[in-house]
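> Take this structure first; my questions come after.
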Amino acid sequence: MESSRPQPAPAEPRQRWRLEYRRRTDAPALTQRDQLAAWEAALIASGLPFVGLDLPVPRIRMAFAAPLASDTAGEHELADLFVVERQPVSDVRARLADHLPAGHELVDLHDVWLGEPPLAGQVVAADYRVSVATYDGSPFEPERLAAAADRLLAAPNLPRTRDKGGRMVPYDLRPLLLNVEVVGDRPAAAPAPARTSVVVRIRVRFSPELGVGRPEEVLAALSEAIGTPLLTLESVRARLYLAGDVPARG
């Protein structure tokens, strides 16, 4: 029997492009695996010389800043793509503008240093904008929710539990919560009967030691603080912050 030959390594990257893109609310709600497949199909169709296309089973080398839940939109998401030949920005922009997954739009494009650390390891915080209402559609009291948000920020710790592989693990949410504020109420784009929603802005921390702050955990803590379950009508990740550009802690 012939010994299997080692597979050739893909061509080395010559350029690293950082995409800033938008995932709209009408983007298909796909699993992480299906999202990756949609990205690969769209990028291959662009015709750009991505690293990994020369493998026996082509697999584009790309890196996303942070996973985004399938039911959450994103206004300034980040991803790194690697090509084997240097390309002018005008060509890359033109090709990618028409070849992103359904429900995605190119916002900006940057030629970054190949030796820069992995993108995911640079994320230190994220901003979310979440529209919430009561489950029964009863009138909302923004002032009451705002006071609860202030109490969360004033608390020395916020003990909670998180499911990890079917096991509930205790953790402290407070070090992962940088800010939470109620910014007002507005008529909700929700099925009849019409409800009044409140917009909550949440800034959470990404920490290699403590984990990632999750907006749904912050909303759960707010629900407990006011004694009323909150229904999420819309969730948007407004921005990701990389090391060096995160604002002061709230």
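> I'm checking my understanding of the structure. Among residues of segment 170-190 that are at pLDDT below 90 and either aliphatic (A, V, I, L, M) or under 15 Å from Ala154 (Cβ atoms) (or both), which one is surrounded by the most Cβ atoms within 10 Å (Cβ to Cβ)? Reasoning before the result, please.
Applying the first criterion (at pLDDT below 90) to segment 170-190 yields 183-190.
Pick out the ones that are also either aliphatic (A, V, I, L, M) or under 15 Å from Ala154 (Cβ atoms) (or both) and you get 183, 188-190.
Working: Val183: 12, Ala188: 20, Ala189: 12, Ala190: 16.
Among those that are at pLDDT below 90 and either aliphatic (A, V, I, L, M) or under 15 Å from Ala154 (Cβ atoms) (or both), it is Ala188.
> Can you confirm whether segment 93-101 contains a residue that is touching an Asp or Glu at 6+ places or on another chain (Cβ under 9 Å) and open to solvent by less than 70 Å² (accessible area, probe 1.4 Å)?
Within segment 93-101 (the criterion being touching an Asp or Glu at 6+ places or on another chain (Cβ under 9 Å) and open to solvent by less than 70 Å² (accessible area, probe 1.4 Å)), the answer is yes, since at least one residue qualifies.
> Here's a follow-up. For segment 14-26, which residues satisfy the criterion of being assigned to a loop (DSSP other than H, G, I, E, B) and either of a type in the set (Val, Ile, Thr) or modelled with pLDDT of 95 or more (or both)?
First, pick out the residues of segment 14-26 that are assigned to a loop (DSSP other than H, G, I, E, B): 14, 24-26.
Listed by number, the residues that qualify are Arg14, Arg24, Thr25.
> Condition first: surrounded by 20 or more Cβ atoms within 10 Å (Cβ to Cβ), farther than 14 Å from Gln15 by Cα and in contact with a Leu (Cβ under 8 Å, 6 or more places away or on another chain). Now tell me which residues in segment 61-92 satisfy that.
Ala65, Gly74, Glu77, Leu78
> Same structure again: Take the conditions part of a loop (DSSP other than H, G, I, E, B), among the polar types (S, T, N, Q), farther than 16 Å from Ala221 by Cα and out of contact with any strand residue (DSSP E or B) (no Cβ under 6 Å at 6 or more places or on another chain) and apply them to Ser90. Does it pass?
On the way: part of a loop (DSSP other than H, G, I, E, B): no; among the polar types (S, T, N, Q): yes; farther than 16 Å from Ala221 by Cα: yes; out of contact with any strand residue (DSSP E or B) (no Cβ under 6 Å at 6 or more places or on another chain): yes.
So Ser90 fails the test.
Condition check ((1) hydroxyl-bearing (Ser, Thr, Tyr); (2) touching a helix residue (DSSP H, G or I) at 6+ places or on another chain (Cβ under 7 Å); (3) without any contact (Cβ under 8 Å) to a residue 24 or more places away in the chain) across all residues:
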position: Leu68; (1), (2), (3): no, no, no
position: Glu77; (1), (2), (3): no, no, no
position: Val83; (1), (2), (3): no, no, no
position: Val89; (1), (2), (3): no, no, yes
position: Arg93; (1), (2), (3): no, no, yes
position: Leu100; (1), (2), (3): no, yes, no
position: Gly103; (1), (2), (3): no, no, no
position: Leu109; (1), (2), (3): no, yes, no
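> Could you list, in sequence order, all residues of segment 207-221 that are part of a loop (DSSP other than H, G, I, E, B) and open to solvent by less than 30 Å² (accessible area, probe 1.4 Å)?
Step one: list which residues in segment 207-221 are part of a loop (DSSP other than H, G, I, E, B), which gives 208-210, 213-214.
Answer for segment 207-221, where residues must be part of a loop (DSSP other than H, G, I, E, B) and open to solvent by less than 30 Å² (accessible area, probe 1.4 Å): just Gly213.
> Something else now. Would you point out which residue out of Val199, Val204 is closer than 21 Å to Leu152 by Cα, surrounded by 15 or more Cβ atoms within 10 Å (Cβ to Cβ), at pLDDT 90 or above and touching a Leu at 6+ places or on another chain (Cβ under 9 Å)?
Val204
The values are calculated or read from the model by the stated rules, or taken from the named source; none is laboratory data. Just so you know, these numbers come straight off a predicted model, no measurement behind them. We place every Cβ from the backbone using ideal geometry, glycine too, and count neighbours over all the protein chains shown. The accessibility values were calculated without ligands, DNA or RNA, using every heavy atom of the protein model including side chains. Shrake-Rupley method; radii C 1.70, N 1.55, O 1.52, S 1.80 Å.
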